[in-house]
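Any read-out appearing in this document is the output of simple, stated calculations on the displayed coordinates, not a laboratory observation. The structure displayed is predicted, hence computed values, not measured ones. Ideal geometry is used to build each Cβ from the backbone, glycine not excepted, and the neighbour counts take in all protein chains shown.
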Amino acid sequence: MPQYGLTDQGFKVKDLNTISKELKDAFKMTFGASINTGPDSVIGQMVDVFAAQLAEGWEQGEAVYNAFDRNSATGDALDNVASLVGLERFGAEPTVGQVTFTGDVGTTIPLGTVVRNPDTDDRFEVTKEVTIATGQSTVSTSIECTETGPTEADPNTVTAIVTAVSGLESVDNAAKFVAGRLVESDADLRLRIKESLQIGGKSVDQAIKAELLETEGVSQAIVLSNRSLTTDSNGIQGKSFESVLWPASADADYREAIAKTIFLAQPAGIRADGDITMNVEDSQGYDQEVRFSFATEQQILVTANLGVNSRYPANGDAQVAEIIKSVSQEFGVGQDIKFLKYVSAIYNEVEGVDDISIQLRNATNIATVPDDNLVIEFTQIGLVDEANITVNS
């Protein structure tokens, strides 16, 4: 096997120093050992020019090789790897939900009518034109955020009408909206490629999870099974499995899509357990019960106490807060909040930090334990809002 290029250990790049040495040796073999190849000589300068160009070619060769490796590929190259297993990168999606308009009979709410959350000024537009029918004073319709990405909209928060419509009095949302998403990151796509390779094994928990993560609107999922005959310590009944998903929503279409996905993926004779019950029609026209659960959101407070030196930047606290926010998004359903992840990220990304102590606390529990993980049950998900991040330096 060659020493450089494709080897048993993968692709090995020939570095600039090696290329320069080989070129100088080649000149000496051709024109004699006494030829001057020093850095100030004509030959030496020619070697430097040629070596730089050749080194760039080797780097491009390595990039082409890595483009077929899901662990190394990025951007378009990773998209191509995903297409080999039938996947596409998730594009950015807006937050969606339903609102109820109140007004006069016969009032039409046109497509594109804009409403907003007066607390955050997030704006949403109607995606389906509706009219208040005779004998009614309200009508419901679907809306979506005017910007893509996750936008929080709790019940009874979208209450302001922006677009003036004659005969329209008020608007409100009874249920929390389904949060949108940003363009899927390379890290998330790599994980989904890995998990999708297990879809073929329909009786495997990870296979069901992989199918659920393909369902529109589902950002996080965990699937646990109980293969015994009795209820286990997690409360899962015998010979059952439970799918726990996030975000939660009362939207009927969203819930139906989840139930259908579970029904098609679950192994025969094994019961789908959970708090929410849906009926799915099978291929013979019979209703089949499917159950699942939504993760209970646990608001987590994170406090970083730092010892810093003169190299700590003026905006260091803001940088640390942003790092904490980013790391917090890595914790999924049923995953403990691990303080060392914050410590490692802060040390690696912010200069001038000598010492770090991380305190984690559930917002419903005043007890704080420094430098320890926060346990999250498998039916929960830990969320960290910006308002719950404190940095002391």
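Taking a ≥ b ≥ c as the square roots of the eigenvalues of the Cα gyration tensor, segment 198-294 is rounded, since a/c falls below 1.5. Cα extents for the chain along the principal axes, largest to smallest and rounded to whole angstrom: 103, 55, 49. Measuring from centroid to centroid over Cα atoms, what is the spacing of segment 310-375 and segment 262-303 in Å? If we compute the Cα centre of each part, the gap is 34 Å. Comparing Ser283, Ser249, Ser83 in a Gaussian network model of the chain (Cα springs below 10 Å), the most mobile by mean-square fluctuation is Ser283. Multiplying the residue separation of Gln329 and Asn66 by 0.36 nm and removing their Cα-Cα distance gives an extension gain of 91.9 nm. Ordering Leu168, Leu383, Thr157 by Cα displacement along the dipole of the chain toward the positive end leaves Leu383 in first place; charges were set at the Cβ atoms of Lys, Arg (+1) and Asp, Glu (-1). With the Kirkwood sum run over all distinct C-alpha pairs, segment 94-172 has a hydrodynamic radius of 12.4 Å. Note on the chain: with a GNM built from Cα contacts shorter than 10 Å, the maximum mean-square fluctuation among Glu88, Glu349, Glu256 falls on Glu349. Here is the tail figure for segment 5-66: Cα pairs spaced more than 18 Å apart come to 42 percent of all pairs. Largest mean-square fluctuation among Lys24, Lys260, Lys194, in a Gaussian network model of the chain whose springs join Cα atoms under 10 Å apart, belongs to Lys24. Computed over segment 298-392, the convex hull of the alpha-carbon atoms projects to a mean area of 5.4 nm². Taking 30 Å as the limit for the C-alpha separation, the pairs Lys194/Lys341; Lys260/Lys325; Lys209/Lys338; Lys128/Lys260; Lys176/Lys338 exceed it in the case of Lys260/Lys325. Over the Cα atoms of segment 47-86, the radius of gyration divided by the Kirkwood radius equals 1.22; this is the Rg/Rh ratio. Here the chain is assigned +1 on the Cβ of each Lys and Arg and -1 on the Cβ of each Asp and Glu. Its dipole about the Cα centre then comes out at about 960 debye.
Helix-only estimate, please: 222 nm mean residue ellipticity of the chain, summing -39500 (n - 2.57) across DSSP H runs of length 4 or more and dividing by its residues, to the nearest 500.
My calculation for the chain gives -9000 deg cm²/dmol from helical runs alone.
Sorting 138-146, 26-34 by average packing, meaning the other beta carbons within 10 Å per residue, from highest down gives 138-146, 26-34.
Enclosing the Cα atoms of segment 67-210 in their convex hull gives a volume equal to 145 cubic angstrom per residue.
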